Amino acid sequence: MKIACIGGGPAGLYFAISMKLRDPDCVIDVYERNKPGDTFGWGVVFSDQTMDNLGRNDPASAAAIGASLAHWDDIDVVIKGVTETSTGHGFCGIGRQKLLSLLQDRARELGVGLHFEAEIGDELSAFADADMIVASDGLNSKIRTRFAGSFKPDIELRRNKFVWLGTHKVFDAFTFIFVETPHGWVWAHAYRFDDNTSTFIIECAPETWEGLGFGEMDQDECCRASEALFAPWLDGHDLMSNARHLRGSAWLNFPRVLCENWVHDNIVLLGDAAHTAHFSIGSGTKLALEDAIMLADVLTSTDKPVAEGLKDYQAVRTVEVLKLQSAARNSTEWFEHLDRYLGFEPKQFAYSLLTRSQRISHENLRLRDPDWLAGVESWFTSQATGGAKSDARPPMFAPFELRGMRLENRVVVSPMCMYSAEDGLPGPFHSVHYGARALGGAGLVYSEMTDVSRDGRISPGCAGLYTDEHVKAWRAITDFAHSQSRAKMAVQLAHAGRKGSTRLAWEGSDRQLETGNWPLIAPSPLPWSETSQTPKQMDRADMDAVLADFVAATHRALEAGFDMVELHCAHGYLLSSFLTPVSNHRSDEYGGPVENRLRFPLEVFHAMRAVWPDDRPMAVRLSATDWLGDEGLSEADSLAIARAFREAGADLIDVSAGQTTPLARPVYGRMFQTPFSDRIRNQLGCATMAVGNIYETDHVNSILAAGRADLVALARPHLIDPMWTLRAAAELGYRGVHIPPQYAAGFDQLTRNLARAAEGAPQA
């Protein structure tokens, strides 16, 4: 096989090495536009895991790289005069120039043809006799651009400005330094990569960049101005640029690159030409080297034709890239919204930074640095209890107060429709269902969506709170929970709107009843789907009737013994339909701009708050996005809606997302809705509850400790395990949770067995 590799960076060189190792007879040439010793950039960061992967692929080059690595375990976070140090992170760095030199030497040793100062561009006719052309020509790939119609690149320039500098100040830890200026905050990502040199990346918001005048400076002026900002940490050392190929001050906006296709005819994209990963997670070179290994594998495989192997190459590597780009997106957005976290105390700020990408979690930090994490837990507990900092516990078991309601812990049983009521009346199933989950240790147990009128139900099986009989049934449930557990009880009040009059979920979700349908109302006469009933557009009389139903249900909620009331304004039900432009097409004072769309839901909330006791909290559930991009709720809309309810007296914003239209395009993943909670909590300064594919104790503790929410709601985990919270306590070895005496022996045994399992000992 004859291969031409366009681009002699780490991706192209390592692919050539990997090919020669697998097929010594292949003819492979690498063409690089620069001289052998040229490089633009400073250090490259690898994890210990990446080095293990390289060692398995080519022990010789891995050994050479390993001998030149600078190692560190610590991460220092410097903010407001405080340095938080966490250890155990296992990273290493090498100069980009040194890495290229080692890979060039290894490629020559294996018989790879290296051609420097070879400007190829996008004209590939010189390689007509090549079986394969590998485009490893970087993030500004001319080949990708030339065949953009086939590769279909998606390139997004991120918001923040950054510049890649170097210094002879040696940073023994991976160091984040945050500096406040009159124009905003500036920060550095600094780490050493050899005995006398460190990478020093500076980043800031575009407004700060403009205010500090960086755009008007040349590279030398930029270095001198940056030295002044970071002088206390540079110890008199200069900052240096090696980006003389760039005009001006060399500041950039990071381009996130992802291609729909990686193969065109006999041309294959590799490394940054196919994808990028933001520098804040330091994995761009790692991805490129792993691409190189797999591409070499598929080109030398005897199990499949090359064409099929290339499909596998793209499929497998795309999954890995998307995983990393998801983490990179989280990391990038954390820095882009730094203002959300600047009010945090340094310890929580550092925790939030360390866990920003979701690749490092609470228990992962415990493995890396148990002492530092214990300090975080102690601090979190002290904030929640006002007690001594030595009283440390997992964040999920810290108490939380809303008005006069004190929760023993921060685990919440989500509202989950059970579709098991008769004419709105909870029965024996509900008594057992809610009783079991109250006994299971959760701090707060929600009712299912509980409808304020018969015609406000989703289905004939939905629970209600619109008769005195309903009050009695719910009262029996709350009395049991209050007498037999420490759980508080919340009721979620709702009206289904255009999503009503449907079958039970397991008979066909969102499908209209075959018989016995009731009339529907909505802000606009828009059916939920093509097969749904068309609702009546509500007039003022309809609004008055619905408002009265919510007020009456709020009175009944008090009689029924609930500790908190939540107004359901999410998921496409009646009040949610007013809030989103997807379903509110009104032209009167209740439609149009967000302040108008808010008008009726706020009327309902104000009326409920007026009759609900002052010492009891109220919550509002919101869909923070429609998952429709520009066609649906904007970020500004969701913030305005949350702010309006908070100002109206809401004590908690229950932050969900979507389910407002069948056209939604959600982006799923673990904790996928938590960023919306983070945004509302930390931009508005209000209490929030996170929900959405949260299923591990690690998820819960990570969310809470990072300040992304104040409470965490779990649905499906509680469906299958009513004792989820007690099981979590046993898993974490925490005995401060309330255990019903009837279950104490079981809890003790579970705790012992889990501890033995963790140590690899036999269970008893």
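The values are calculated or read from the model by the stated rules, or taken from the named source; none is laboratory data. All figures in this text were calculated on a predicted structure; none of them were measured in a lab. Neighbour counts run over all protein chains shown; Cβ positions are idealised from the backbone, glycine included.
The conditions are (1) under 21 Å from the mean Cα position of the chain (by Cα); (2) crowded, with 21+ Cβ neighbours inside 10 Å; (3) not small (G, A, S), and V737 fails exactly one of them. Which is it?
(1)
I'd like the residue in the stretch 216-245 that is within 36 Å of the chain's Cα centre (by Cα), at pLDDT 95 or above and not hydrophobic (A, V, I, L, M, F, W, C) and, out of all such residues, is surrounded by the most Cβ atoms within 10 Å (Cβ to Cβ).
Applying the filter and picking the extreme gives S226.
For the stretch 366-409, give me each residue that is surrounded by 14 or more Cβ atoms within 10 Å (Cβ to Cβ) and closer than 30 Å to Y466 by Cα.
Once the filter is applied, which keeps residues that are surrounded by 14 or more Cβ atoms within 10 Å (Cβ to Cβ) and closer than 30 Å to Y466 by Cα, the stretch 366-409 yields L402, R403, M405, L407.
Could you tell me whether any residue of the stretch 200-217 is part of a loop (DSSP other than H, G, I, E, B), over 18 Å from L338 (Cβ atoms) and either in contact with a strand residue (DSSP E or B) (Cβ under 9 Å, 6 or more places away or on another chain) or not hydrophobic (A, V, I, L, M, F, W, C) (or both)? Explain how you work it out, then say what you get.
Let us first name the residues in the stretch 200-217 that are part of a loop (DSSP other than H, G, I, E, B), namely 205, 212-213, 217.
Adding the requirement that they be over 18 Å from L338 (Cβ atoms) leaves 213, 217.
Filter once more, so that each one left must be either in contact with a strand residue (DSSP E or B) (Cβ under 9 Å, 6 or more places away or on another chain) or not hydrophobic (A, V, I, L, M, F, W, C) (or both): 213.
Looking for residues that are part of a loop (DSSP other than H, G, I, E, B), over 18 Å from L338 (Cβ atoms) and either in contact with a strand residue (DSSP E or B) (Cβ under 9 Å, 6 or more places away or on another chain) or not hydrophobic (A, V, I, L, M, F, W, C) (or both), one finds at least one in the stretch 200-217, hence yes.
Restricted to the stretch 254-298, and to residues that are of a type in the set (A, V, I, L, M, F, W, C), assigned to a helix (DSSP H, G or I) and under 20 Å from the mean Cα position of the chain (by Cα), which residue is modelled with the highest pLDDT?
First pass over the stretch 254-298, keeping only residues of a type in the set (A, V, I, L, M, F, W, C): 254, 257-259, 262-263, 267-270, 273-274, 277, 279, 281, 287-289, 292-296, 298.
Still in the list and also assigned to a helix (DSSP H, G or I): 273, 279, 281, 287-289, 292-296, 298.
Now restrict to residues that are under 20 Å from the mean Cα position of the chain (by Cα): 279, 281.
Details: F279: 92, I281: 89.
Across the stretch 254-298, the extreme among qualifying residues is F279.
Restricting attention to the stretch 743-761, does a residue exist that is of a type in the set (S, T, Y) and in a loop (DSSP other than H, G, I, E, B)? Walk me through it before giving the result.
Initial filter on the stretch 743-761 (of a type in the set (S, T, Y)): 743, 751.
Remaining after also requiring in a loop (DSSP other than H, G, I, E, B): none.
Checking the stretch 743-761: not a single residue is of a type in the set (S, T, Y) and in a loop (DSSP other than H, G, I, E, B).
Report those strands (runs of 3 or more DSSP E) wholly inside the stretch 333-428 carrying at least 2 residues which are closer than 19 Å to A687 by Cα and more than 23 Å from the chain's Cα centre (by Cα). Full working, then the answer.
Working: elements: 400-402, 405-407, 411-413.
The qualifying strands (runs of 3 or more DSSP E) are 400-402, 405-407.
So, of the residues in the stretch 443-462 that are in contact with a Pro (Cβ under 9 Å, 6 or more places away or on another chain) and outside any strand (DSSP E or B), which turns out to be surrounded by the most Cβ atoms within 10 Å (Cβ to Cβ)?
G443
More than 19 Å from S361 (Cβ to Cβ), more than 15 Å from the chain's Cα centre (by Cα) and surrounded by fewer than 16 Cβ atoms within 10 Å (Cβ to Cβ) - does that describe any residue in the stretch 686-697?
no
I'm checking my understanding of the structure. Among residues of the stretch 10-48 that are small (G, A, S) and at pLDDT 95 or above, which one is surrounded by the fewest Cβ atoms within 10 Å (Cβ to Cβ)?
So in the stretch 10-48, the residues small (G, A, S) come out as 11-12, 16, 18, 37, 41, 43, 47.
Filter again for at pLDDT 95 or above, leaving 11-12, 16, 18.
Values: A11: 31, G12: 30, A16: 30, S18: 23.
If we take residues in the stretch 10-48 being small (G, A, S) and at pLDDT 95 or above, then S18 is surrounded by the fewest Cβ atoms within 10 Å (Cβ to Cβ).
Need the failing condition index for P519 against (1) under 15 Å from S576 (Cα atoms); (2) of a type outside the set (G, A, S); (3) surrounded by fewer than 17 Cβ atoms within 10 Å (Cβ to Cβ), just the number.
(1)
When you look at E530, is it surrounded by 17 or more Cβ atoms within 10 Å (Cβ to Cβ), charged (D, E, K, R) and not in a helix (DSSP H, G or I), yes or no? Even if it seems obvious, please write down each step before you answer.
Numbers: surrounded by 17 or more Cβ atoms within 10 Å (Cβ to Cβ): no; charged (D, E, K, R): yes; not in a helix (DSSP H, G or I): yes.
Spelling it out, it is not the case that E530 is surrounded by 17 or more Cβ atoms within 10 Å (Cβ to Cβ), charged (D, E, K, R) and not in a helix (DSSP H, G or I).
With (1) in contact with a Lys or Arg (Cβ under 9 Å, 6 or more places away or on another chain); (2) assigned by TED's automatic domain parsing to the domain that holds L684 as the list, and H738 as the residue in question, which single condition is left unmet?
Going through (1) in contact with a Lys or Arg (Cβ under 9 Å, 6 or more places away or on another chain); (2) assigned by TED's automatic domain parsing to the domain that holds L684 one by one, H738 breaks only (2).
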